[in-house]
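Presented below is the structure to which this report refers.
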Amino acid sequence: GPSRARLLCAAAKPPPSSGKGEPAGEERVEDSIATTASTQERAPGGLAVYNEDEENLPPLKFEPGVVGAAQKGVSAVVIAFGACAFGACFWGVSQALFPSATSTQVIFSEALDKVSLDATVGYALGTPLKAWGADRGGDRGRRNAMERWETEEDGQPVVTIRFHVAGPQGTGVVVAQVPQKRKRGEFRYILFEH
């Protein structure tokens, strides 16, 4: 059989029939939204379910000829653009949630953990330690980012970061260097200057 559309219309309680000229198979809703025929189904809670044929919907197909080719081309471009935009968003979110082992923040966190556990640093600066990047920006406002540079040493690419640490007894600078292709926790060196 033909498929049927199901429309829901809320009617808490149908008004009593006045008996004045209304057909027996129809009910009138107070807010004049719809008049139902005998195909009405009453759902629990007073919802009226109406069934209508889908025959009055326009067909979903492309025009023939050049116009149809243009419609298909535009649709393909829109779909391709949407897929690219979704991929870019997914990549950005995955990079933010799961940073690589050579990201500045990961190197900073791992180096700070190692420096915080070192007894010599704890003795020199006291505990707890706090760390921050380089203060720069001047009149543009405070910019507090880690200093990072990529160089080559002994023919291998390396990443070096520099940040400041402070404790109750003083401040110092930490310089950490890692291989460009590293595993988490792998360092070439970590230097602390007091």
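Atom-type composition of the exposed protein surface of region 102-194 places 49 percent of the accessible area on carbon and sulfur (1.4 angstrom probe). Using a simple spin-label model with pseudo-atoms 7 Å out from Cα toward Cβ, Thr127 and Asp113 lie 1.6 nm apart.
Among 64-71, 114-121, 157-164, 97-104, the peptide with the highest mean count of other Cβ atoms within 10 Å heads the list, and the full ranking is 157-164, 114-121, 97-104, 64-71. Measuring nothing but alpha carbons in region 81-194 and taking Rh as the Kirkwood radius, the Rg to Rh ratio lands at 1.07. What figure, in Å² to the nearest 10, do you get for the accessible area of Glu186 with a 1.4 Å probe and non-protein molecules left out? It works out to around 70 Å².
Distances between placed amide hydrogens fall under 5 Å for Val158 paired with Thr151, Glu152, Glu153, Gln180, all partners being 5 or more residues away or on another chain.
The values are calculated or read from the model by the stated rules, or taken from the named source; none is laboratory data. Quantities reported herein were computed from a predicted structural model and do not represent experimental measurements. Here the Cβ is made from the backbone with ideal geometry for all residues, glycine too, and neighbour counts use every protein chain on show. Ligands, DNA and RNA are excluded from the accessible area calculation, which covers all protein heavy atoms including side chains. Shrake-Rupley method; radii C 1.70, N 1.55, O 1.52, S 1.80 Å.
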